[in-house]
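Down below is the structure, laid out as structure tokens.
The values are calculated or read from the model by the stated rules, or taken from the named source; none is laboratory data. The model shown is predicted, which means the values in this text are computed figures rather than measured ones. Positions of Cβ are generated from backbone atoms using ideal geometry, with glycine treated the same way; all protein chains shown enter the neighbour counts.
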Amino acid sequence: DDPTISRVTDIAKKAASDASSAASIAKDAAKLGDDTTASSAAADAKSAADLADSAARIASSTADSITAAKKAAATSYASDATKAASSASSSADVAGSAATKYPNDPTISSATDAAKSAASIASSAAIDAKSAAQAGDDSTASSAASVAKSASTVASLAASKASDAAKAKSTAATSYASDATKAASSASSSADVADSAATKYPNDPTISSATDAAKSAASIASSAATDAKSAAQAGDDSTASSAASVAKSVSAVASSAASKASDAAKAKDEAKSKSDAASSYADAAGKSASQASSSADVAGSAGKKYPDDPAIKSSADLAKSAADDAAKSAAVAKEAAKSGDDSKASSAAAGAKSSADLASSAADTAKSLASSHAAGSETVNHPAQSDYTSAANSAVTAANLAASIAAKAASETANIAQANPNNTSLAYLKSDAASAALVAANAAKDAASYAAYAKAAQELAHDYVDPNKAAQALSFAAQYVASATAAADTAKSAATRAQADRDLAAQITSGKSNPTGDHGTTDHGNQGTGQGGQQGTGGKGTTDNNGSQTGNNTGNNNQNGDNAGTVHTVANETGAGAKTNTADITGSGTANGNDHTLPQTGETDAAGALALAGVALMGALALMGAKRRHEN
């Protein structure tokens, strides 16, 4: 196919033909003896022979060059094929290494098989190329080199696939090992938390059990983390994953156990704190009760020394009542401390403190009044401004305190009932506590009104010229003080009732009580009290399904009274309505109080009547003022 060789071959062939023709002519001429023709023909033959020789040399030279070029090319192709085969073999080795590390991985196994097959093909092609090169067959060598290169590429891709898969498994195994280590660390921390609780409360079975569980879980997590680490070093992602899963699972168990131990410890801490606080409140309540008792002794001593002084007697009675209340509160606080109820102990301690303050105030008043007697002043006939006023104000203080306590208890009961809207028992207690708070509030208003009356009567007594009339006015003041004290007692009783409702509501919600029935208990109205007469009769209150209470608390001293000179109240009370009070002043006379003698001032009955009317008017004005303040 070489054009040069083909062309010179044609020239050589033609020259040979020409030389043959010339030789024939020369032969024929020689036969004829034609030397000229023979000579010319011989020259032509010689020229044609030279041309043929030249063409032959050119063809041979060209053929040699072509042969050398083909051999060089074939050798180059053989070299390329050998390199490709070597590369394919290396790729097969890489894939084989991955397969040795992960013999069960299908992706790596498949890629390794492909790499090995390609390496084998490349090797065979390299051998073929080498043989072709030795024969100078550049075409065959080129084809074999191409096959070797293609197979080498396939082997390289397969090796990369196997290597990437192995790397992914190694990375995953390392990640699993890291997760397992973290889980083990978390489990260890949980075990420490639980152990701390167990150290604080070694005898608590719940904490002890939870601590054991946390420690066991932490131990398992630690072992799993070690397994995961070993698997990661070997690149075994499957084993590492399984170990990490175990570590995480038991870490969660350890965390749950630690929380259980911690919560139990916190509960015991809170209980201890509440118990300590309750004990502290109980101690404070005990001290208040002791102080109140001492105050009652002081006031009682003054009362024994001056038994006929109504103001001192009222102060002594108030101090004793306050001391009794303080003692009751102290007892409640003590019981609350035993059960660790700091809220109840705190409330009782506050009540004891208030009662102690009231007893102290009453004792101070009694001491002051006794000092006036001891000084021998004219206050026997013209008492000082503070005698009955102070006693009445003490009652007002007590009533206001009770009203405040009742309002607080009613509010707390309402909150409990609001949180449990479907509990009819709580609904009743809420209504009853609200009713008691209203009773206490109205009683506090009554006490304030009576205190105003007492002050007005005492001021009038101070202005009398006639000692007998002054004493009579003082008797009114004393009666008003007694009424104020009775109102305070009513307020305190209502406060106790509101607190009882609150405490029962709290017990119901805490599961300490299991009352039956949808209806509240029937209560009795407070009985009106008249000084100098028998106690009036109180009508019974009634209850309905909602626990609301209505009742007519009617104290009518005239109904049962045997003595004259009484003060009584008439009160109509409903659970949600207002309470009105009327005060009647009666002098000596019949039991019904309709016929009486007015105290006198100045020189005439008219002046005395006017003065007494002034007392009643001042009291009425005080009531109006209190009512207006309440409305505002």
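Observations on the structure shown:
- Some residue of the range 50-60 being closer than 30 Å to Ala132 by Cβ and among the hydroxyl-bearing types (Ser, Thr, Tyr): yes
- Flag if Lys334 is in contact (Cβ under 8 Å) with a residue 40 or more places away in the chain and of a type in the set (Lys, Arg): yes
- Residue list for the range 311-342, restricted to those being under 19 Å from Thr365 (Cα atoms) and surrounded by fewer than 20 Cβ atoms within 10 Å (Cβ to Cβ): Asp324
- Checked against the criteria, Ala122 does not count as in a helix (DSSP H, G or I), closer than 30 Å to Ala12 by Cα and assigned by TED's automatic domain parsing to the domain that holds Ala155.
Conditions (1) touching a residue at least 12 places away in the same chain (Cβ under 8 Å); (2) in contact with a Gly (Cβ under 9 Å, 6 or more places away or on another chain); (3) among the hydroxyl-bearing types (Ser, Thr, Tyr), marked per residue:
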{"residue": "Ala148", "(1), (2), (3)": "yes, no, no"}
{"residue": "Ser156", "(1), (2), (3)": "yes, no, yes"}
{"residue": "Lys169", "(1), (2), (3)": "yes, yes, no"}
{"residue": "Ala177", "(1), (2), (3)": "yes, no, no"}
{"residue": "Ala197", "(1), (2), (3)": "yes, no, no"}
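- Some residue of the range 8-27 being modelled with pLDDT of 85 or more and in contact with an Asp or Glu (Cβ under 6 Å, 6 or more places away or on another chain): yes
- Candidates Asp128, Asp164 - the one that is assigned by TED's automatic domain parsing to the domain that holds Ala92 and free of Cβ contacts under 8 Å to residues at least 24 places away in the same chain: Asp164
- Residues in the range 75-92 include at least one that is assigned to a helix (DSSP H, G or I) and among the aromatic types (Phe, Trp, Tyr).
- Residue identified as modelled with pLDDT of 85 or more and more than 27 Å from Thr239 (Cβ to Cβ) among Ser160, Ser170, Ser124, Ser97: Ser124
- Candidates Asp195, Asp164: the one that is within 30 Å of Ser87 (Cα to Cα) and either hydrophobic (A, V, I, L, M, F, W, C) or assigned to a helix (DSSP H, G or I) (or both) is Asp164.
- You will find that of Lys304, Lys344, Lys320, Lys313, the residue that is in a helix (DSSP H, G or I) and under 39 Å from the mean Cα position of the chain (by Cα) is Lys344 and no other.
- Among the numbered conditions (1) within 30 Å of Gln233 (Cα to Cα); (2) in contact (Cβ under 8 Å) with a residue 24 or more places away in the chain; (3) not charged (D, E, K, R), the only one that Asn104 does not meet is (2).
- Residues satisfying the stated conditions in the range 99-158, i.e. surrounded by 16 or more Cβ atoms within 10 Å (Cβ to Cβ), within 60 Å of the chain's Cα centre (by Cα) and among the β-branched types (Val, Ile, Thr): Thr107, Ile108, Thr112
- Failed criterion for Thr9 (all others in (1) of a type in the set (Ser, Thr, Tyr); (2) without any contact (Cβ under 8 Å) to a residue 12 or more places away in the chain; (3) surrounded by 13 or more Cβ atoms within 10 Å (Cβ to Cβ) hold): (2)
- Enumeration of residues in the range 265-299 that are buried (at least 22 other Cβ atoms within 10 Å of the Cβ) and either in the same structural domain as Asp195 (by TED's automatic domain parsing) or closer than 27 Å to Ser209 by Cα (or both): Ala265
- For Ser513, the criteria (1) of a type in the set (Gly, Ala, Ser); (2) at pLDDT 90 or above; (3) outside any helix (DSSP H, G or I) hold in every case but one, which is (2).
- Filter result for Ala414 (touching a residue at least 12 places away in the same chain (Cβ under 8 Å) and buried (at least 22 other Cβ atoms within 10 Å of the Cβ)): no
- Flag if Thr37 is crowded, with 19+ Cβ neighbours inside 10 Å, in a helix (DSSP H, G or I) and not aliphatic (A, V, I, L, M): no
- Top-ranked residue of the range 468-510 - restricted to ones that are assigned to a helix (DSSP H, G or I), modelled with pLDDT under 90 and of a type in the set (Ser, Thr, Tyr), ranked as farthest from Leu438 (Cα to Cα): Ser475
- Some residue of the range 235-247 being under 29 Å from the mean Cα position of the chain (by Cα) and either modelled with pLDDT of 90 or more or not in a helix (DSSP H, G or I) (or both): yes
- Looking across Ser230, Ser189, Ser251, Ser245, one residue alone is more than 30 Å from Ala69 (Cα to Cα) and buried (at least 19 other Cβ atoms within 10 Å of the Cβ). It is Ser251.
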